[in-house]
Structure formats: structure tokens, C-alpha cells
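Presented below is the structure to which this report refers.
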Amino acid sequence: MDIQNCKILSNEKIAKNTYKMVLECNTKSITKPGQFINITLQDFYLRRPISVCDYDANSITIIYKILGQGTKSMASLTPDIILNCMIGLGNGFDITKSDKNPIIIGGGVGVPPLYRLAKELVKIGISPKVLLGFNIGEEVFLANEFSALGCEVLVATADGSIGHKGFVTELLDGIEYDYFFTCGPLAMLKAVCNMTISDGQISLEERMGCGFGACMGCSIMTHSGAKRICKEGPVFEKKELIW
């Protein structure tokens, strides 16, 4: 983990209440897909943890949804503004544990970190099936980008305006897979763990205080004791979690 002053290169709306921001920074401390950054915002006491969607040597891409005053403030930021960021937080996904036929299951603002995960899997010759769930069609994002990687993509919306009408977990019916990766709302993650027949990795979303393990504010109980989502997580194996 390191702390940098990062310049905003772009900050654009890509779906309903959803924005993509690109930050100029050194990304040497990012080692796995699924890690996150923690951003200081003017007039807000706590930093905002945002998962890393993608990165190269000199920039990070994050995707966030307006859910409160902090993210509403972020949506108004313009290029060239400097943000102080903690970079390379969390443990990330371990792609070495995947078998040859994995699925990726994302829900809403849980989708962004799964994009870099898919890129890393494709790099080692694994093309995952990608299941994406949203409330309405206007909220759908990254579906085309996953397809451009060569992934088979299935979309579910609660109102049926795009793809399957219903929950993203309903798309599991009839799909063959031997491992899974998932990130999204807690109810979706619980359903995925209950429905999947394989092992897998789950990225949890949680309100955080410090973001690097000092305050213990985001601790959860696992089968091996208390774990901090910001430090030992946000990614956990299915067998670790107590629902």
C-alpha cells in the first residue's frame, strides 16, 4: 500500500448514476485484481473505498455509483483535480485457484473489479462466462467490454428491460462451471454461495473506517475467526464465510 496525490484524467457518466474516473498515478502497489483504493474527498472526514476496475503502469480506472453525499461529490469533480489516495489495499482475487471453466457473477456496483479479473484470466488462456445483474437496463455497464475480451456475457435485469428478467443468480441454471468469482450486494453473494456447486471466491462490500486494518471497523466472523474486510479481504473463499 502507498499514498499518492493522483490527478483526475477523466470523470464521465457511463450509466444511470454511474461514473468512470481515470486517475493518473503509479500502480506498482497493485498486485491482484479485486484490490481497492481509498480516496480523500474535501469536506468529508472518512475516505471513500472504491474498487479498482482496471489499471496500467500510469493510471487507475474506477467505476462508482452515486449512493450518498460522498459519491455525489465525486461525480462533480473535473479533470486536473488532485485527489489523495491510498493505493493497493486489500488482498484481491487469486486466479491460480481457478479451474479451466470458471464463471464470474457480478451485481451492480460489484461488477467493476471483476473486469480486471476477467482480463487476467484471459491472459492465462481461460475465458470465463460472465453473468451480470442490474435493476434496470439504464444501469447496465461493462457488458460490451467483457464481450470484447472474448467472454460469453449474460445479463439479467430485475425489470426485464435488458436480458433475462429476474435475478442474476437465475442465470446459473443450465450453465456448466467448475469455479466461481463474485462481487455484489450481500443478498446476491449469499444466494450465489447457496446455489453454486463449486468452490469460489467472494469479494465483500462494507463500510470502512481506516481502510488498512487499524480500526477493526469492518471485521466479520469467519470459520477461522474474525477477519477484516479491508485487510484480510475484501476477497474470501466460499468455505471461509459464515452466512
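Throughout, read-outs are computed from the coordinates displayed, never taken from laboratory work. Predicted, not measured: the structure shown is a model, and the values here were computed from it. Every residue, glycine as well, gets a Cβ built from its backbone with ideal geometry; the counts of neighbours run over all protein chains shown.
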To the nearest 20 debye, region 72-130 has a Cα-centred charge dipole, built from +1 on Lys and Arg Cβ and -1 on Asp and Glu Cβ, of 180 debye
Can you list the residues of region 41-76 with backbone N under 19 Å from a point 7 Å past the Cα of Lys13, pointing along Cα to Cβ? 62-76
Rounded tilt (10° steps) of 186-195 against the dominant C-alpha axis of the chain: 30 degrees
Rounded to the nearest 10 degrees, what's the angle between the helix 112-123 long axis and the longest principal axis of the chain, both from Cα atoms, 0 to 90? 60 degrees
Counting only helical runs of four or more DSSP H residues, what would the 222 nm mean residue ellipticity of the chain come to if each run contributes -39,500 (n - 2.57) and the total is spread over all its residues? -4000 deg cm²/dmol
Quick check: residue separation of Asp159 and Ser198 times 0.36 nm, minus the Cα distance between them. What number comes out in nm? 11.1 nm
Within 10 Å, count the other beta carbons around each residue, average over each peptide in 135-146, 217-228, and list them highest first. 135-146, 217-228
In terms of the alpha carbon gyration tensor, root eigenvalues a ≥ b ≥ c, rounded if a/c is under 1.5 and otherwise prolate when a/b exceeds b/c or oblate, region 1-156 is oblate
Residue-wise HN-Hα coupling along region 85-97, computed from phi with Karplus coefficients 6.51, -1.76, 1.60 (Hz; x: Gly, Pro): 10, 8, 10, x, 8, x, 8, x, 7, 9, 6, 5, 8
So, with points 7 Å from each Cα along the Cβ direction, the Ala75-Asp56 label distance in nm works out to 2.9 nm
